[in-house]
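Below: the structure, in structure tokens.
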Amino acid sequence: MSEPAAARSEEPEEAGDAVLRTENLRKTFGGLTATDDVTMEVERGTITGMIGPNGAGKSTFFNLVSGFYEPDGGSVVVNGEETTGMDPHEVTEHGLVRTFQTPRKLEGMTVREAMLVGPQRQLGESVIPLFTQPDAVAAEERQNLQRAEELLERFEITHLADQPATDISGGQLKLVELARAMLAEPDLLLLDEPVAGVNPTLANKLKAIIRELHEDGITFLIIEHDMGFIMDLADPIVVLNQGAVLMEGSPDEVKNDDRVVEAYLGGGGGD
């Protein structure tokens, strides 16, 4: 099980401090600069949006801070600890958890079993505790199962629990992935286009769930192309363009900024 959020740092986790901070974060692919010296913070207790035209570097930024890419320069700090160059599971142990634009389907598992992949540092993942601490392993498994059942109920997907994880719809899979991420006990949850390809009813449900989780103390950083969704949900909003931070501000400031309009009108390419 992951370390409780309150135990990850001896410093008090008060609203207003930075749960994520990057400084001069840089990533190049050949001659292309995907992330160009990005310096930014995500304050604890916020729902921060990240927008930008295709090719702006948003997904690359997510991959860098979550450990899926190693930066060519700069630093990443999560909960006051430098995580630059750490593997994804190590970053997760520091409190940063992410979802993917296209959720990963876990072959050969039911939805309930896929959920139970979420908790970090489970005793049963190692062979020795199975023999030396069988009671502790069993107790942890029961606790994780109980938490999984509670999240399935909260997200109103209990009816999917025994279905193969590969057989549910894309929208349902996004709910499962979000619920599974919560089992890792995140301080900061990165969502990569949570409503891409999702019908309006489910998009509204996801928005309500995000707000509920935020009220419970989860900080969010969300990439989203649906402007109505992100403008209604997030504040502040960070705008990336050509790998760099173009601006950061409230939804109204972003919508009324000529640089943002120009970036979207002139944007193109892949992300």
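Of A234, A208, A179, which residue is under 22 Å from E150 (Cβ atoms) and crowded, with 21+ Cβ neighbours inside 10 Å? Break it down into steps so the answer makes sense when it comes.
On the way: A234 fails: under 22 Å from E150 (Cβ atoms); A208 fails: crowded, with 21+ Cβ neighbours inside 10 Å.
Matching residue, one of A234, A208, A179: A179.
Pick from the range 91-109 the residues that are surrounded by fewer than 21 Cβ atoms within 10 Å (Cβ to Cβ) and among the basic types (K, R): which of them is farthest from H225 (Cα to Cα)?
Here the residue is K105.
Before we move on, is E215 modelled with pLDDT of 95 or more, of a type outside the set (A, V, I, L, M, F, W, C) and touching a strand residue (DSSP E or B) at 6+ places or on another chain (Cβ under 6 Å)? It would help to see each step written out before you state the result.
On the way: modelled with pLDDT of 95 or more: yes; of a type outside the set (A, V, I, L, M, F, W, C): yes; touching a strand residue (DSSP E or B) at 6+ places or on another chain (Cβ under 6 Å): no.
Criteria not met by E215.
Looking at F68, is it open to solvent by 80 Å² or more (accessible area, probe 1.4 Å), at pLDDT 90 or above and either closer than 28 Å to L213 by Cα or not in a strand (DSSP E or B) (or both)?
On the way: open to solvent by 80 Å² or more (accessible area, probe 1.4 Å): yes; at pLDDT 90 or above: yes; either closer than 28 Å to L213 by Cα or not in a strand (DSSP E or B) (or both): yes.
So F68 fits the description; yes.
Would the range 167-184 turn up any residue that is in contact with a Pro (Cβ under 8 Å, 6 or more places away or on another chain) and part of a loop (DSSP other than H, G, I, E, B)?
Within the range 167-184, the first condition is being in contact with a Pro (Cβ under 8 Å, 6 or more places away or on another chain), and the residues that meet it are 170, 173-174, 176-178, 183-184.
Applying the additional criterion that residues be part of a loop (DSSP other than H, G, I, E, B) yields 183-184.
Scanning the range 167-184, I find at least one residue that is in contact with a Pro (Cβ under 8 Å, 6 or more places away or on another chain) and part of a loop (DSSP other than H, G, I, E, B), so the answer is yes.
V239 fails exactly one of the following numbered conditions: (1) within 26 Å of G95 (Cα to Cα); (2) modelled with pLDDT under 95. What is the number of that condition?
(2)
Looking only at residues in the range 96-116 that are part of a loop (DSSP other than H, G, I, E, B) and among the hydrophobic types (A, V, I, L, M, F, W, C), which one is nearest to L191 (Cα to Cα)? Give the derivation first.
The initial filter retains those residues of the range 96-116 that are part of a loop (DSSP other than H, G, I, E, B), namely 99-109, 116.
Still in the running and among the hydrophobic types (A, V, I, L, M, F, W, C): 100, 106, 109, 116.
Values: F100: 7, L106: 19, M109: 23, L116: 19 Å.
If we take residues in the range 96-116 being part of a loop (DSSP other than H, G, I, E, B) and among the hydrophobic types (A, V, I, L, M, F, W, C), then F100 is nearest to L191 (Cα to Cα).
All but one of (1) over 21 Å from A203 (Cβ atoms); (2) open to solvent by 30 Å² or more (accessible area, probe 1.4 Å); (3) modelled with pLDDT under 95 hold for D226; state the number of the condition that does not hold.
(1)
Looking at (1) open to solvent by less than 50 Å² (accessible area, probe 1.4 Å); (2) within 20 Å of I218 (Cβ to Cβ); (3) modelled with pLDDT of 95 or more, find the lone condition where E41 falls short.
Tallying (1) open to solvent by less than 50 Å² (accessible area, probe 1.4 Å); (2) within 20 Å of I218 (Cβ to Cβ); (3) modelled with pLDDT of 95 or more, E41 fails exactly one: (1).
Test G197 against the criterion of being within 27 Å of E90 (Cβ to Cβ), in contact with a Gly (Cβ under 7 Å, 6 or more places away or on another chain) and among the small types (G, A, S), and give yes or no. Give the derivation first.
Numbers: within 27 Å of E90 (Cβ to Cβ): no; in contact with a Gly (Cβ under 7 Å, 6 or more places away or on another chain): yes; among the small types (G, A, S): yes.
In short, no.
Quick check on my filter: what residues within the range 77-90 are in contact with a strand residue (DSSP E or B) (Cβ under 9 Å, 6 or more places away or on another chain) and either surrounded by fewer than 21 Cβ atoms within 10 Å (Cβ to Cβ) or within 18 Å of I222 (Cβ to Cβ) (or both)? Give the derivation first.
Quick first cut of the range 77-90, residues in contact with a strand residue (DSSP E or B) (Cβ under 9 Å, 6 or more places away or on another chain) only: 77-80, 82-86, 88.
Hits for the range 77-90 are V77, V78, G80, E82, T84, G85, M86, P88.
Take T201 and tell me if it is open to solvent by 50 Å² or more (accessible area, probe 1.4 Å) and among the β-branched types (V, I, T). Before the answer, list the steps.
Numbers: open to solvent by 50 Å² or more (accessible area, probe 1.4 Å): yes; among the β-branched types (V, I, T): yes.
Yes, satisfied.
Answer with yes or no whether T219 is among the polar types (S, T, N, Q) and under 26 Å from N79 (Cβ atoms).
Values: among the polar types (S, T, N, Q): yes; under 26 Å from N79 (Cβ atoms): yes.
Spelling it out, T219 is indeed among the polar types (S, T, N, Q) and under 26 Å from N79 (Cβ atoms).
The values are calculated or read from the model by the stated rules, or taken from the named source; none is laboratory data. Just so you know, these numbers come straight off a predicted model, no measurement behind them. We place every Cβ from the backbone using ideal geometry, glycine too, and count neighbours over all the protein chains shown. The area values use the complete protein model at the heavy-atom level, side chains included, leaving out ligands, DNA and RNA. Shrake-Rupley method; radii C 1.70, N 1.55, O 1.52, S 1.80 Å.
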